Amino acid sequence: MIELKNASKSFKAHKAIDKLTLKVASGEIFGLLGSNGAGKSTAINLLLGILKLDEGVISVNQLDITKNSNKTRSIIGYIPENVNLYPYLTGLENLDYFCLLAGLRYSKTELNSFLGHCGLQKNNADKRVKTYSKGMRQKVGIAIAYAKKAKVYLLDEPASGLDPLASNELSKLLIELASEGACILMATHDLFRAREVCNRIGILKNGKLLRELSSESVTATELEQLYLTYMQN
Amino acid sequence: MRSIFINEWRLLLRSKVLLSIGLCFILTLIASVWISHKQVSLEKTAQDEAKQHLRAQWENIEEMNPHSAAHYGTYVFKTSSILSSLDNGVNNVTGRMIRVEGHVQNEMVHSEASQMVFVSKFGKLRASIFLQYIIPLLLIFLAFYSIYSEKQSGRLKLLLLQSNSLKRLLWTKTLSVCSVGLLLLAFVVLIFGILNVQSFDEEILKRLTLFIGAYLFYYFIVSGFTVYLTARFKNATLALTFMLGIWMFWTIFLPNVLMSSAEKLHPLPSRNKLATDMKEDRAKGIDGHNPTDERAIVLKEEVLAKYGVDSLSQLPINFDGIRMQADEDYGNQVWDKHFGGVITKLQLQKKSLQRGGIINPFISLQNLSMGFAASDNYHHQIFLEQVEYYRRKLIQSLNIEHAHGGSKTGDWGWKAKNSFFKGIPDFDYQLEKIKAVIRTYILDVACLLMWTVLIFGLLSFNSKKIEL
C-alpha cells in the first residue's frame, strides 16, 4: 500500500532522508523508530505530499504521489503528535468540519458512531475541544481519518504525552483499524509501544533505514538494546 | 469553501476576546457615525440660519446704489453633502463660507480647523478614521491570526490533507476576513442610512455604493496580502512585522512623501508672489473708479460714438456702470490667468499623487473616499468655480442696473429699487454629477483594481510556492 523507493530529501546541505526504501502493506502496522532529527517526520511529510521529493519514488495504493497527489491524499489519514483541533468547537463539530472539507456530509448519528468507534464517549462528543485531554483529541483525530475512510494512516508520535490508559486505548484502536485492512505507518520514540502494536519495525538514523525487523522476532529488551546500539554508533 | 467560511465565522463568534473586540468596534463605529452626523447636521443648521439671515438682509435692501451693493456684497456657503459625515475630507481646512463682492475674489473663511487648537492637533472623531486606518489594521491582525493559528497548531497540514487545496484555503480565509470588514462597513452604512434616510436621492445612493465598493476592494487587498504573506513567511512574527510595516508605509510615510514630491514637482506660487503678479497685471487694465484713466477715456469715446453723442451728460445711460463692468471684466481675465495657472498646478499635483496609487492603494482609497463623499479638493474647486461664476453674474447684474437702470453718469446718489435686489437669485451650490467624479478619479479606480488583480494572482497562482 505504501512504498518508498530510494526516496531522498535534503534541506540545503542537510540530507533529511537518504535513499529510503520501505514498504508497508494493507493490514500492517509499521513502526518507524528513531531519535529526534532522524527523518521520521520528513518521511511522513513526503508521504503527505507536503514536501517535495528530491529523488526516488513514493507510491500510495500503487499511485505515484508526485503525479497523483489529490488521489493519494484522499485516502490518507494523518494523526500528528498533537492533534490541535479547533478549541471553540465540540469534538462532533470538529469532526463534521473536517469531513465537510473532504467533501463528506454525515448525519449527527453517523458522526457520533465514528467518534464512538474511535473510543470517544458520547457525552464528550458535544463538549468543546478546549476541555479535552490529549488522548481525547487523538481519538477525534483518528475519527477524522476513519470517517474519511482512509486506507493509509500516517501517525507522527501519536502516543507522545499520553497517559498509559490513553496510550493503551490508542494501541487497541490501531490494531483494530489494521484488522479492518488499514495500512499504518507510525513514527515513534516509544520502543515498547511499537513492539506491542506494530507488525514490523524500522530503525531510522540520519535519514537512512538502518534495520528492519519483525516485532515478533525480538523481545522488548532486545529491541531496546538494538536501538541503543544503532543510536550510539 | 462554504464550510471553511462558516467555520471562520463560528470561531470569531465563539471567541469571547474576538467577539468583545468586534462589539467594541461596532459600538465605536456607531458612535463615530452618529457624532459625524451630528456635526454635519449642526453645521448645516448653522449654515442654513446664516444663509437665511444674509438672504433676508439682501432682500431687505430698500434702496441702494448698485455699486454700493457690489461693495456691500454677500456671503455664500458650501453646503456639505450628507456623505461628508462619512469622510469629511478637506472640508475642515478649506472652510465653507466665502464673501462675494465687486472687484475682488475672496478666499474661503470659517474653517473649523483654523479655529480649534484641539481639532488641528488631533482631528475629529470621524467614521473615515475607522474605515481607513483602524478597520484595515484589525483585518491585518485577523488575517494574520487566521493563518498563523493554523500553522502554529499544525492544523494546516490536516486542513490541506482534507481540503486538498491551499489555494482554496487561502481564498476562503481572505474572504472571511474581508467579510468582517464588510460587516463593519455594513454597520456604518446602516447607521448612516437610518440617520439620513430622508435626504437620500439617486445621486447619493450611487455615491454611497461606489464609496462602499472602494472600501471593499481595499479591505480585500489588505486581507489577501496579509493572508498570503503569513502563509508564505516561515517566521510568523516577521510576517506580521512586515505587514504592519507595509500598513505604516502606506498610511503614514508614503502619503507624506508623495504629497511633498507632488508639491516639489509642480510648485505653487507663494501667496505674496501671486498677489504681486496679479496687482501688476491689474494695474495694466482699466481702473473702474478713475474716470481719468487712459483706458477709461478710450472706452468713453467708444460708448459716445456708439450712442452718437459728444459728452457723457448726453448719454441716455450711466457710463460709470459701463466703466465699472469693463474694470470687472479685466479683473476677471487677470484672475483667470493667474488662478487658472494655480488650478492647473493643483490638477498636476493631484495627478502626481494619484499615480502614487500604483505603489500605494491607500492613496487611491483615500482619493476615492473623499471624491465619492464630495469632500475632496476637486469638489472644492468646483464650488469655487460656481462661486466665481455667481459673483461675476451678480456684479454684472449690479453694473448693468447701474448703467441702464435710469441714472446718468456721475449720479452716485441714484438708488436701485428693492424689487431689483429681490430679483437677484441666491447662490445655490450644485453637487457635481457622479459621472464627472468617476472620470476625475479613473486613475485611482484603475490602481485599486490593479492591486486587486495582483492579490488575486498571488492567492490563485502563487500559492504553490508556499512551503508549509
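The values are calculated or read from the model by the stated rules, or taken from the named source; none is laboratory data. None of these values were measured; they are calculated from a predicted model. Note that we place each Cβ from the backbone using ideal geometry, even for glycine, and neighbour counts take in every protein chain shown. Protein only, heavy atoms only, side chains kept; ligands, DNA and RNA dropped before computing areas. Shrake-Rupley method; radii C 1.70, N 1.55, O 1.52, S 1.80 Å.
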If you place +1 on the Cβ of every Lys and Arg and -1 on the Cβ of every Asp and Glu, how big does the dipole about the Cα centre of chain B come out, in debye to the nearest 20? 3140
Keeping every protein chain in place, order B:TYR215, A:TYR227 by accessible area at 1.4 Å, biggest value first, i.e. largest first. A:TYR227, B:TYR215
Can you grab the distance from the C-alpha centre of segment B:86-101 to the C-alpha centre of segment A:1-72, Å, no decimals? 69
Relative contact order of segment A:1-114, pairs being alpha-carbon contacts under 8 Å that are 6 or more residues apart, as %: 23
In segment A:76-153, which trypsin sites (Lys or Arg not before Pro) fall in coil by DSSP and have 15 or fewer other Cβ atoms within 10 Å? A:ARG105, A:LYS127, A:LYS149
Cα-based Debye curve of the protein assembly as shown sampled at q = 0.07, 0.08 Å⁻¹ gives log₁₀ I(q)/I(0) of -0.66, -0.76
Please list, short to long, the whole-number percent of alpha-carbon pairs of segment B:152-279 in consecutive 5 angstrom bins beginning at zero. 2, 8, 11, 13, 12, 12, 11, 10, 9, 6, 3, 2, 1, 1, 1, 0
Taking Cα atoms only, helix B:361-372 is inclined relative to the longest principal axis of chain B by an angle, in degrees rounded to 10, of 50
With unit charges on the beta carbons (Lys and Arg positive, Asp and Glu negative) and the dipole taken about the Cα centre of chain B, which residue among B:LEU86, B:HIS103, B:ALA46 sits farthest to the positive side? B:LEU86
Considering the Cα positions of chain A, please state its Rg to one decimal place and its Dmax as a whole number of Å. 17.5, 54
Can you list the residues of segment A:67-100 whose accessible area drops by at least 40 Å² going from the chain on its own to the full set of protein chains, with a 1.4 Å probe? A:ARG73, A:TYR78, A:ASN84, A:TYR86, A:TYR88, A:LEU89, A:GLU93, A:TYR97, A:PHE98
Rounded to the nearest 100 Å², what is the sum over both chains of accessible area buried where A meets B, with a probe of 1.4 Å? 2500
Report the net charge of residues surrounding B:LEU346, where surrounding means a beta-carbon distance below 12 angstrom and charges are Lys +1, Arg +1, Asp -1, Glu -1. +1
At most 15 other Cβ atoms within 10 Å plus a DSSP loop assignment makes a site exposed; report the longest stretch of chain B without any exposed GluC sites (Glu not before Pro). B:63-466
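Write down the accessible area per residue of the protein assembly as shown in Å², having rolled a 1.4 Å probe over the full set of protein chains. Don't jump to the answer; show the numbers that get you there.
Details: 32260 Å² over 701 residues.
Here the residues of the protein assembly as shown average 46 Å² of exposed surface.
In debye, nearest 20, what is the charge dipole magnitude of the protein assembly as shown about its Cα centre with +1 on Lys and Arg Cβ and -1 on Asp and Glu Cβ, if you could check? Mind showing how you got there, number by number?
On the way: 81 positive and 63 negative charges, 594 e Å.
That gives a dipole near 2860 debye.
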Got a sec? Charge dipole of segment A:3-66, +1 on Cβ for Lys and Arg, -1 for Asp and Glu; which of A:PHE11, A:GLY49, A:ASN61 is way out at the positive end? A:PHE11
Would you give the gap between the C-alpha center of segment B:435-466 and the C-alpha center of segment A:107-156, rounded to a whole Å? 43
Where the Cα pairs of segment A:157-233 fall when distances are cut into 5 Å bins, in %: 3, 14, 26, 24, 19, 10, 3, 0
Sorted largest first, the C-alpha extents of segment A:89-150 along its principal axes in whole angstrom are 28, 18, 18
How many angstrom lie between the Cα centre of segment B:231-265 and the Cα centre of segment B:274-322? 60
Please name whichever of B:LEU258, B:THR452, B:LEU175 sits farthest to the positive end of the charge dipole of chain B, dipole taken about the Cα centre and charges placed at Cβ: Lys and Arg +1, Asp and Glu -1. B:LEU175
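Measure up A:LYS40/A:LYS172; B:LYS234/B:LYS464; A:LYS9/B:LYS173 against 19 Å on the Cα-Cα distance and list the ones that go over. Show your work: numbers first, answer last.
Values: A:LYS40/A:LYS172 23 Å; B:LYS234/B:LYS464 15 Å; A:LYS9/B:LYS173 31 Å.
Those over the limit are A:LYS40/A:LYS172; A:LYS9/B:LYS173.
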Quick one: accessible surface of B:LEU182, probe radius 1.4 Å, all protein chains present, in square angstrom to the nearest 10. 80
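Select from segment B:380-412 those chymotrypsin sites (Phe, Trp or Tyr not before Pro) which occupy a DSSP coil region and have at most 15 other Cβ atoms within 10 Å, ordered by residue number.
Numbers: sites: B:PHE383, B:TYR389, B:TYR390, B:TRP412; in loops: B:TRP412.
Passing both the DSSP loop test and the Cβ count: B:TRP412.
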Quick one: accessible surface of A:CYS198, probe radius 1.4 Å, all protein chains present, in square angstrom to the nearest 10. 10
Beta bridges by DSSP in the protein assembly as shown, antiparallel share as percent, to the nearest 5: 60
Please work out, to two decimal places, the log10 of the ratio I(q)/I(0) at q = 0.06, 0.11, 0.14 Å⁻¹ from a Debye calculation in which every Cα of chain B carries one identical scatterer. -0.39, -0.95, -1.31
Helix B:442-461 against the longest principal axis of chain B: what's the angle in degrees, Cα atoms only, rounded to the nearest 10? 10
Largest first, how would B:ILE363, A:ILE50, B:ILE252 line up by accessible area (1.4 Å probe)? B:ILE252, A:ILE50, B:ILE363
Checking buried surface per residue: for segment B:1-42, which residues lose a minimum of 40 Å² accessible area in the protein assembly relative to the chain alone (1.4 Å probe)? B:SER3, B:ASN7, B:ARG10, B:LEU11, B:ARG14
Using DSSP to define loop residues, name the trypsin sites (Lys or Arg not before Pro) in segment B:360-468 whose beta-carbon has at most 15 other beta-carbon atoms within 10 Å. B:LYS408, B:LYS433
Given charges at beta-carbon only (K, R positive; D, E negative), |dipole| of segment A:1-106 in Debye: 340
